[in-house]
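Written out below as structure tokens is the structure these notes cover.
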Amino acid sequence: MAIAPFFHSALENIYISPLELCNLNCQICYTNKTKHILTNEQILNFVSAYSSYLNTNQLNLKSILFCGGEVFTLPTFIPLINTLLYKNIFISIITNGTIDHLDQITDPKNCQLLVSFDGPKAIHDANRGRGNFQKSVNFVKHARTLGFPVEIMYLVTPQSYEFIDTFSIENVKNNFITVKTKFYTDKHPLAVDTQSPGLTKEQILNIKRNYKTIPAKDFGCFQLSLQSNGKIYGCCETPRPIGLMTDNPQVYVDAFTQSLNPCLSCVLRKGEQFLSAQSSEQSEGASTAKIGSPADKICGGCCDQDFLCGYKRELAVEHCTDVVTLFNS
């Protein structure tokens, strides 16, 4: 059976997290620091098998986004990247920018760097440790001189919120991520974060409505993701695995496409209708969305509609449609 076009980009541009460990010990970090580490052999074997599967379906593996933990702590990471670049796969790397081995990467123009910042120097160093802000600034400058595409991932917290319009490093584009204090369920080891003060609802909505964010306000950011535990997920954030890296790719691709089936018939996607926010009061089991003026697309879909990157819990709403409606109203 042919794979529907709706899924093509998510299958051709994937995510891999080789480890969760990091060289820093940030005060704000939601990653569960397990000791799982994928070897280069495991990753390359997975990429080979998965690429072959895509080819049989007239698709191609175009890009891989790497994240951790901090991937540059791995002594074999640069050889892995160079091998994949040689295979004509575009690489993106999320990094804290404190470990600089950039001059060892053979094809900078096809290796994008997404460098994380927590705000200006005082805020950044208070979270990540003294001196790390300047290390990351130097990393960005060095990367640009070498020809790497570079963007910044700016974590918006109550402390850094006021600097969203003034923060700039080398005129590099900012992508904003809102800190989510209710990201996990109450049973998660890091659930203590739910007691921390977070952004207000109004601040979250301002960021999502008016700035370039990750994920975007219309979502659609799902992509097949391999985590360091060897499990496959429908995106890099969902806690629900859909297979193992050793499975026949058809197994997790089928589970992946099934997870998105509700999105295919969702009112936010069909009819080219814009959904505007209603009163915050809602009847039991009903969405706050209502039909408004026409628009091309309101939601690109999500592989975990119950989780939705934690925004359902953060905004205290019942349905994924409520989140998207608030973001787009």
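Does Thr98 meet the test of being farther than 26 Å from Cys263 by Cβ, surrounded by 15 or more Cβ atoms within 10 Å (Cβ to Cβ) and over 23 Å from the mean Cα position of the chain (by Cα)? For Thr98, the condition - farther than 26 Å from Cys263 by Cβ, surrounded by 15 or more Cβ atoms within 10 Å (Cβ to Cβ) and over 23 Å from the mean Cα position of the chain (by Cα) - is not met. Annotation note: Cβ proximity below 7 Å between a residue of segment 1-18 that is touching a residue at least 60 places away in the same chain (Cβ under 8 Å) and a residue that is assigned to a helix (DSSP H, G or I) and open to solvent by 40 Å² or more (accessible area, probe 1.4 Å) (sequence gap 6+ or interchain) occurs for Phe6/Leu264. With the condition kept exactly as written, say whether any residue in segment 27-38 is among the charged types (D, E, K, R), in contact (Cβ under 8 Å) with a residue 60 or more places away in the chain and either in a loop (DSSP other than H, G, I, E, B) or out of contact with any Phe, Trp or Tyr (no Cβ under 8 Å at 6 or more places or on another chain) (or both). For segment 27-38, residues among the charged types (D, E, K, R), in contact (Cβ under 8 Å) with a residue 60 or more places away in the chain and either in a loop (DSSP other than H, G, I, E, B) or out of contact with any Phe, Trp or Tyr (no Cβ under 8 Å at 6 or more places or on another chain) (or both): absent. Inside segment 303-329, residues that are part of a loop (DSSP other than H, G, I, E, B) and more than 23 Å from Leu11 (Cβ to Cβ) make up a count of 5.
For residues in segment 1-26 being in a helix (DSSP H, G or I) and of a type in the set (A, V, I, L, M, F, W, C), which is farthest from Ile232 (Cα to Cα)?
Phe6
Considering (1) in contact with a Lys or Arg (Cβ under 9 Å, 6 or more places away or on another chain); (2) modelled with pLDDT under 90, the lone condition that Ile204 does not fulfil carries the number (2). When segment 195-216 is filtered for residues that are open to solvent by less than 30 Å² (accessible area, probe 1.4 Å) and of a type outside the set (Lys, Arg), the ones remaining, listed by number, are Gly198, Leu199, Ile204, Leu205, Ile207, Thr213, Pro215.
Looking at segment 139-166 only, could you name the residues that are over 18 Å from Gly198 (Cα atoms), touching a residue at least 40 places away in the same chain (Cβ under 8 Å) and out of contact with any strand residue (DSSP E or B) (no Cβ under 7 Å at 6 or more places or on another chain)? Result: His142, Leu146. Of the residues Tyr50, Tyr86, the single one that is surrounded by fewer than 14 Cβ atoms within 10 Å (Cβ to Cβ) and either aromatic (Phe, Trp, Tyr) or in contact with a His (Cβ under 8 Å, 6 or more places away or on another chain) (or both) is Tyr86. Just to verify a result, which residue in segment 217-242, among those that are under 16 Å from Leu38 (Cα atoms) and assigned to a strand (DSSP E or B), is most open to solvent (accessible area, probe 1.4 Å)? This residue is Lys231. Among the conditions (1) loosely packed, with under 15 Cβ neighbours inside 10 Å; (2) at pLDDT below 95, the only one that Glu20 does not satisfy is (1).
Look at (1) open to solvent by 30 Å² or more (accessible area, probe 1.4 Å); (2) under 15 Å from Leu65 (Cα atoms); (3) of a type outside the set (Lys, Arg) and you find that Ser92 fails only one, number (1). Selection of segment 60-75 for residues being assigned to a loop (DSSP other than H, G, I, E, B) and either crowded, with 17+ Cβ neighbours inside 10 Å or among the basic types (Lys, Arg) (or both) yields Leu61, Lys62, Cys67, Gly68, Gly69, Glu70, Leu74.
The values are calculated or read from the model by the stated rules, or taken from the named source; none is laboratory data. Note that the structure is predicted; figures quoted are calculated from it, not measured. Note that each Cβ is placed from the backbone with ideal geometry, even for glycine, and that neighbours are counted across all protein chains shown. The area values use the complete protein model at the heavy-atom level, side chains included, leaving out ligands, DNA and RNA. Shrake-Rupley method; radii C 1.70, N 1.55, O 1.52, S 1.80 Å.
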